[in-house]
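Since the structure comes first, as structure tokens, the remarks are kept for the end.
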Amino acid sequence: MTGNLHVGLAAFGAAIAVGLIGARASDVVGRNPGSSTQVMVQSILSIAFAEAIVFYTLFLVR
Amino acid sequence: MTGCSHAVSGSRVLSTISESNGLASFTQRDISGMEHALPQHAVEIARPFGFPITNSMLVTWIVAACLLVFAQTATRQMQQVPTGAQNLLEWLVEGLYRFLETLLGRHLVDRTFWYFASVFIFILTANWFGLIPGVGSIGWGHEVGGHFVVDRPLLRGANADVNLTLAMALVFFVCWIVWAVGENGVGGFFAELFAPKGESKGVMRLLLVVVFFAAGCLELISIFFRPVSLSFRLYGNIFAGETMLDTMARMPYIGWLVQVPFYFLELLVGLVQAMVFTLLTAVFTLLICQPHHEKGTTT
């Protein structure tokens, strides 16, 4: 079996980050359901930035 | 024609990237060997008059044509109380407008709505078009070990080709500069990037000038990296989704069943990625065009 360690590590970190963001976002929407649109915008942005790390490693790192 | 020249030059960029990439060579080896894997780049299917046409370009044109025809037929006979296609289109456009208005504010959304709405609708349609059965499975191939393997599919998800996503990201980059200079003026544009914010005096002021200039230089790097990350994010998600569906379908005996939940996941990913691209470009625009004159409207 062959592969790249850096992609695995980046995916590991990004998965944790996405999980944390999602957990906190649903936490906040549970406390304050009216804020769901704003929270969704923020969390989608943060998730996008977190998962971008995986794409950088996929495409840019040797 | 400009879009096509983007696509051609982008294809060269991708080939240099995949040549220098361990992952790509790994995939290439798999194709030549016994395992079959989805190629990372779109495959050329025709070359009329020496102009290469890839399967992703074909899907791009089909999607664009479908959208044009739909918009034309939906608005041919406009009614006061819309029904059917006109209702769907109005719901989509109005929903997008309200959503972007809460994010960007009235003034900015009037100026930039055409880009964000078109990009959202186009990306969403292209992503979902790529999920229609037959896309990626009909094409030219050859017999391998008793069963037929398609290695040049006629159609391929439009965003599973980095040329299209890069072209959209570069168009946004140019629009971003135009909007930023239009909102702030040339001097204001550079002031927004490099000049210190807030009130301060004396030595503190001097220190802050240095700090904000350094921060502006960092900001500049991140700005120039935006087209790369925007295009790779969309391409990576869609290409990864297609690879996953491909792998699931190849599972022996139960391939037809295990890919069903992933099709639903891909429907969701297609929507989320269209939203992420639109949202990120909208937020980048908002960051540089902060409305100083109308306070409290961008909640």
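The values are calculated or read from the model by the stated rules, or taken from the named source; none is laboratory data. Predicted, not measured: the structure shown is a model, and the values here were computed from it. Quick reminder, even Gly has a Cβ in these numbers, built from the backbone with ideal geometry, and neighbours come from all protein chains shown.
The residue of the range A:26-37 that is nearest to B:LEU103 (Cα to Cα), among those that are in contact with a helix residue (DSSP H, G or I) (Cβ under 8 Å, 6 or more places away or on another chain) and within 13 Å of chain B (Cβ to nearest Cβ), is A:THR37.
Contact annotation: residue pairs with Cβ atoms under 6 Å, 6 or more positions apart or on different chains, pairing a residue in the range B:223-243 that is within 12 Å of chain A (Cβ to nearest Cβ) and more than 14 Å from A:ILE53 (Cβ to Cβ) with a partner that is aromatic (Phe, Trp, Tyr) and in a helix (DSSP H, G or I), are B:LEU234/B:PHE277. Considering each residue of the range B:275-290 in turn, at least one proves to be more than 14 Å from every other protein chain (Cβ to nearest Cβ), assigned to a helix (DSSP H, G or I) and in contact (Cβ under 8 Å) with a residue 24 or more places away in the chain.
On the basis of being within 11 Å of chain A (Cβ to nearest Cβ) and surrounded by 17 or more Cβ atoms within 10 Å (Cβ to Cβ), does B:MET248 make the cut? Here the answer is no, as B:MET248 does not meet what is asked.
Per the listing B:LEU170, B:LEU155, B:LEU218, the residue uniquely part of a loop (DSSP other than H, G, I, E, B), more than 14 Å from chain A (Cβ to nearest Cβ) and on the phi < 0 side of the Ramachandran plot is B:LEU155. Scanning the range B:74-117 for residues that are over 22 Å from the mean Cα position of the chain (by Cα), part of a helix (DSSP H, G or I) and of a type in the set (A, V, I, L, M) yields a count of 3.
Filtered by the rule that a residue be modelled with pLDDT of 90 or more and in contact with a helix residue (DSSP H, G or I) (Cβ under 8 Å, 6 or more places away or on another chain), the range B:82-98 gives B:GLN86, B:LEU88, B:LEU89, B:LEU92, B:VAL93, B:LEU96, B:TYR97.
Only one of the listed residues (A:ALA48, A:ALA52, A:ALA23, A:ALA15) is away from chain B (no Cβ under 12 Å), surrounded by 13 or more Cβ atoms within 10 Å (Cβ to Cβ) and not aromatic (Phe, Trp, Tyr). That residue is A:ALA15.
The requirement of being surrounded by 11 or more Cβ atoms within 10 Å (Cβ to Cβ) and within 15 Å of the chain's Cα centre (by Cα) is satisfied by B:GLN273.
With respect to the stated conditions, B:VAL272 is without any contact (Cβ under 8 Å) to a residue 12 or more places away in the chain and either in a helix (DSSP H, G or I) or within 18 Å of B:ALA169 (Cβ to Cβ) (or both).
Quick one: is B:ALA64 surrounded by fewer than 13 Cβ atoms within 10 Å (Cβ to Cβ) and aliphatic (A, V, I, L, M)? So B:ALA64 does not fit the description; no. Hey, can you tell me all the residues within the range B:118-130 that are away from every other protein chain (no Cβ under 14 Å) and crowded, with 18+ Cβ neighbours inside 10 Å? Residues satisfying the conditions are B:VAL119, B:ILE121, B:PHE122, B:LEU124, B:THR125, B:ALA126, B:ASN127, B:PHE129, B:GLY130. Checked against (1) under 28 Å from B:LEU131 (Cβ atoms); (2) loosely packed, with under 12 Cβ neighbours inside 10 Å; (3) modelled with pLDDT under 85, B:GLY296 passes all but condition (1).
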